[in-house]
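The values are calculated or read from the model by the stated rules, or taken from the named source; none is laboratory data. Just so it is clear, the structure is predicted and the values come from calculations on it, not from any experiment. Every residue, glycine among them, receives a Cβ derived from its backbone with ideal geometry; neighbour counts consider all protein chains shown.
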Amino acid sequence: MPHTDTVAVHAGEPTLDRKDAPITPDITVGSASGYPDLETLDAAMAEHRGYGRWGTDNHRQLEAAVAGLEANGLETRLDAVAVGSGMAAIAVALMSEMNAGDHVVAAHDCYGTTVTFLRNDLPRFGITSAIVNFQDMDAVRRAVTPQTRVLLCEMCTNPLIRVPDLEALAAIAHEAGALLVVDNTVPTPALSQPNRWGADVVIYSATKNLSGHADVIGGLVVGTPSWIEGARAFAHTFGPTLGPFDAWLTLRGIRTLAVRMARHTSNALQLARFLEGHAAVRQVNYPELEGSPYCARARKLLPGGAGALLSFELAGGKAALESMLSRLQLVRLMPSLGHVATTLSHPASTSHRGLDPAERTGAGISDGLVRCSTGLENIDDLIADFDRALT
């Protein structure tokens, strides 16, 4: 079995079945292919080839790479479908599985727009949801009904970096005849393979660390080949198509995924320890910290580290946060994560602004909480920047 970094370097690479085959994939920019006759056209249409909405070689290379990373070391073969954003991946995963009258149980600390989608959009299609604390297994069990088809959670939740008990959640889901769907965006398959712990479907926002350079909007859904066949058919009809250049960029990013995530994780842990010991900081959320309630579970489910994301609150609240932001020199504020450079985000203003204040409070999102996506800088420079800004 090859190691993850080897799989990342080679998965989805072009075959050598043509003269002067490229080492780097070509980019397919045409929206449709041309055919010499009806017979050839008919064969292509039967296989859903030759039209951009059905995907190009760039999509298939990316899908093979992510499925290969997710299945590395597992006995089960996996497949993937690439779509136009992380939220498109959420929509395809849920809507290809559920019908009117079905029900989903989701974690209350999911990405804010995921909660908004569950609460505001899916009911228009007759799909209901219960949003509960997925750290409370009794609450999850009570929320499951005979109509429940999906349990949905995140691995390393955004922005409080909580680690769910995937094995216990999978047992609850499967006992109810439902699927466990896990958003694995934050750790990526370089650090976490939820299928190993019982997940049925895994979701990625390729926008984040998977592509890793803040130049892509994309998403992927990973599952067994038979399940992905249905999800792909739904995506082809529904139409959340990923651009071929975004597919190409994501695959390019995956080539360095393992080495990037190792550096991201090392920097995040060292920065979290620094912040934890700073007098200006009230609370730091990172599961590898020895005082985290998720430390033991992270060591089991995330033996290679918990990824780039951490969050913290300053003792001086939002005013102190504004002061820190004005003094930082290396670190920028932006409404996303997963860049090679360290960035900050304010969840109450960005990812969770669609929730009302009571919902944000229930999810642990205060106005003074800041999320940090740790980059690849030298850690001494990064710590020095925060130290100056917090003084």
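Of all residues in region 212-223, those satisfying the criterion of being under 18 Å from Asp183 (Cβ atoms) and over 11 Å from the mean Cα position of the chain (by Cα) are Gly212, Val216, Ile217, Val222, Gly223.
Yes or no, residue by residue, for (1) within 30 Å of Val259 (Cβ to Cβ); (2) touching a Cys at 6+ places or on another chain (Cβ under 9 Å):
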residue: Ala139; (1), (2): no, no
residue: Leu152; (1), (2): no, yes
residue: Glu175; (1), (2): no, no
residue: Ala206; (1), (2): yes, no
residue: Ser211; (1), (2): yes, no
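Filtered by the rule that a residue be closer than 9 Å to Pro244 by Cβ and surrounded by 14 or more Cβ atoms within 10 Å (Cβ to Cβ), region 27-59 gives Ile27, Thr28, Gly52, Gly55, Thr56, Asp57, Asn58, His59. The residue that is surrounded by the fewest Cβ atoms within 10 Å (Cβ to Cβ), counting only those in region 115-165 that are in contact (Cβ under 8 Å) with a residue 24 or more places away in the chain and charged (D, E, K, R), is Arg141. The residue that is farthest from Thr145 (Cα to Cα), counting only those in region 100-114 that are modelled with pLDDT of 95 or more and surrounded by fewer than 22 Cβ atoms within 10 Å (Cβ to Cβ), is Ala100. Every test in (1) surrounded by 24 or more Cβ atoms within 10 Å (Cβ to Cβ); (2) aliphatic (A, V, I, L, M); (3) part of a helix (DSSP H, G or I) is passed by Val202 save one, and that test is (3).
Selection of region 226-240 for residues being assigned to a helix (DSSP H, G or I) and either outside the structural domain of Arg49 (by TED's automatic domain parsing) or under 20 Å from the mean Cα position of the chain (by Cα) (or both) yields Trp227, Ile228, Ala231, Arg232, Ala235. Where helices (runs of 4 or more DSSP H) fall entirely within region 98-193, those with at least 1 residues that are of a type in the set (A, V, I, L, M, F, W, C) and closer than 28 Å to His264 by Cα are at 112-116, 166-175, 188-191.
If you check Ala315, Ala306 for being of a type in the set (Gly, Ala, Ser) and under 15 Å from Leu275 (Cα atoms), only one passes: Ala315. Restricting attention to region 330-369, the residues that are within 15 Å of Glu313 (Cα to Cα) and among the β-branched types (Val, Ile, Thr) total 2. Within region 168-194, the set of residues being touching a Ser or Thr at 6+ places or on another chain (Cβ under 9 Å) and either in the same structural domain as Ala268 (by TED's automatic domain parsing) or closer than 18 Å to Leu94 by Cβ (or both) comprises Ala173, Ala176, Gly177, Ala178, Val182, Asp183, Asn184, Thr185.
Given the condition part of a helix (DSSP H, G or I), within 26 Å of Val132 (Cα to Cα), under 25 Å from the mean Cα position of the chain (by Cα) and free of Cβ contacts under 8 Å to residues at least 40 places away in the same chain, answer yes or no: does some residue in region 297-304 qualify? Yes, that holds for at least one residue.
Inspect all residues belonging to region 50-73 and state whether any of them is closer than 24 Å to Ala262 by Cβ and assigned to a loop (DSSP other than H, G, I, E, B). Yes, region 50-73 contains a residue that is closer than 24 Å to Ala262 by Cβ and assigned to a loop (DSSP other than H, G, I, E, B). Do the conditions hold for Ile365, that is, is it closer than 19 Å to Val284 by Cβ, modelled with pLDDT of 90 or more and either among the hydrophobic types (A, V, I, L, M, F, W, C) or out of contact with any Lys or Arg (no Cβ under 7 Å at 6 or more places or on another chain) (or both)? No; evaluated as a whole, the condition is false for this residue. Report yes if some residue within region 62-71 is surrounded by 14 or more Cβ atoms within 10 Å (Cβ to Cβ), of a type in the set (Val, Ile, Thr), touching a Ser or Thr at 6+ places or on another chain (Cβ under 8 Å) and under 17 Å from Val221 (Cα atoms); otherwise report no. No, region 62-71 has no match at all. Residues in region 225-267 that are farther than 16 Å from Ile203 by Cβ and of a type in the set (Lys, Arg): Arg252, Arg255, Arg260, Arg263. Look at (1) in contact with a Ser or Thr (Cβ under 7 Å, 6 or more places away or on another chain); (2) without any contact (Cβ under 8 Å) to a residue 24 or more places away in the chain and you find that Met45 fails only one, number (1). Of all the criteria given as (1) surrounded by fewer than 20 Cβ atoms within 10 Å (Cβ to Cβ); (2) more than 26 Å from the chain's Cα centre (by Cα), the one not satisfied by Leu314 is (1). Against the list (1) loosely packed, with under 13 Cβ neighbours inside 10 Å; (2) under 30 Å from Thr350 (Cβ atoms); (3) of a type outside the set (Lys, Arg), the condition Ala88 fails is (1). Quick check: anything in region 249-263 over 14 Å from the mean Cα position of the chain (by Cα), outside any helix (DSSP H, G or I) and under 23 Å from Glu288 (Cβ atoms)? So far as region 249-263 goes, yes, one or more of its residues are over 14 Å from the mean Cα position of the chain (by Cα), outside any helix (DSSP H, G or I) and under 23 Å from Glu288 (Cβ atoms).
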